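The values are calculated or read from the model by the stated rules, or taken from the named source; none is laboratory data. Keep in mind that this is a model prediction, so the values were computed, not measured. With ideal geometry, Cβ positions are generated from the backbone for all residues, glycine too; neighbour counts draw on all protein chains shown.
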Amino acid sequence: MANHRAHSTWALIAAVVALAFGMVTIMRGGSVLFDIGGARGPAGHIVPIVLPLVFLTGFLYVGGGIGLLTQAKWSQGVFLAALALLIVAGVGMVLHMREGLPYEVRTTRALPVRTLVTVLLYVAARRARHTRKDQTHPS
């Protein structure tokens, strides 16, 4: 029972992180993408493929966070989809840089951090899923 509580606690923490990360991503990414309140200017050089894909991952983080909270089986797949989008964004970023096009250094730092957070959320969802399986099939 204590092991279940520890896994539940980690799933809850991951859900809160995913929800917060998702909401911030949607708000900040959306404001730059749609130039709300003149946010695009201060954002600097935007990499065309990175911004929309990162914005989309915000919705996936929120969905995955809800999935973790409700112990949905599909939450793992949602974080995997977010990871796939970030990999495409990373490849797009590298190609953009290789072409010598302008970009912001902070994007080269933020994308790997975001990818790491997404991997950790995926692992948390995977562990939560395996914990549920263990509870339904006691040995």
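Rundown of residues vs (1) modelled with pLDDT of 95 or more; (2) among the small types (Gly, Ala, Ser); (3) more than 22 Å from Ile13 (Cα to Cα), yes/no style:
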{"position": "Val24", "(1), (2), (3)": "yes, no, no"}
{"position": "Met27", "(1), (2), (3)": "yes, no, no"}
{"position": "Ser75", "(1), (2), (3)": "yes, yes, no"}
{"position": "Val78", "(1), (2), (3)": "yes, no, no"}
{"position": "Thr107", "(1), (2), (3)": "yes, no, yes"}
{"position": "Leu116", "(1), (2), (3)": "yes, no, no"}
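Filter region 95-111 down to residues that are among the charged types (D, E, K, R) and not in a helix (DSSP H, G or I) and give me whichever is surrounded by the most Cβ atoms within 10 Å (Cβ to Cβ).
Glu104
Being touching a residue at least 40 places away in the same chain (Cβ under 8 Å), in a helix (DSSP H, G or I), over 17 Å from the mean Cα position of the chain (by Cα) and surrounded by 12 or more Cβ atoms within 10 Å (Cβ to Cβ) is the requirement here; does Arg114 meet it?
no
For region 95-111, enumerate the residues that are β-branched (Val, Ile, Thr) and either in contact (Cβ under 8 Å) with a residue 24 or more places away in the chain or in contact with a Leu (Cβ under 8 Å, 6 or more places away or on another chain) (or both).
Thr107
Please specify each residue of region 60-92 satisfying the condition of being under 11 Å from Ala125 (Cβ atoms), not basic (Lys, Arg) and not in a helix (DSSP H, G or I).
Gln71, Ala72, Trp74 - these are the residues of region 60-92 that are under 11 Å from Ala125 (Cβ atoms), not basic (Lys, Arg) and not in a helix (DSSP H, G or I).
Kindly check whether there is at least one residue in region 46-60 that is touching a residue at least 60 places away in the same chain (Cβ under 8 Å), closer than 17 Å to Val119 by Cα and touching a helix residue (DSSP H, G or I) at 6+ places or on another chain (Cβ under 6 Å).
Scanning region 46-60 turns up at least one residue that is touching a residue at least 60 places away in the same chain (Cβ under 8 Å), closer than 17 Å to Val119 by Cα and touching a helix residue (DSSP H, G or I) at 6+ places or on another chain (Cβ under 6 Å).
Which one of the conditions (1) exposed (fewer than 13 other Cβ atoms within 10 Å of the Cβ); (2) of a type outside the set (A, V, I, L, M, F, W, C); (3) farther than 19 Å from Arg109 by Cα does Pro42 fail to meet, given that it meets all the rest?
Of (1) exposed (fewer than 13 other Cβ atoms within 10 Å of the Cβ); (2) of a type outside the set (A, V, I, L, M, F, W, C); (3) farther than 19 Å from Arg109 by Cα, only one is false for Pro42: (3).
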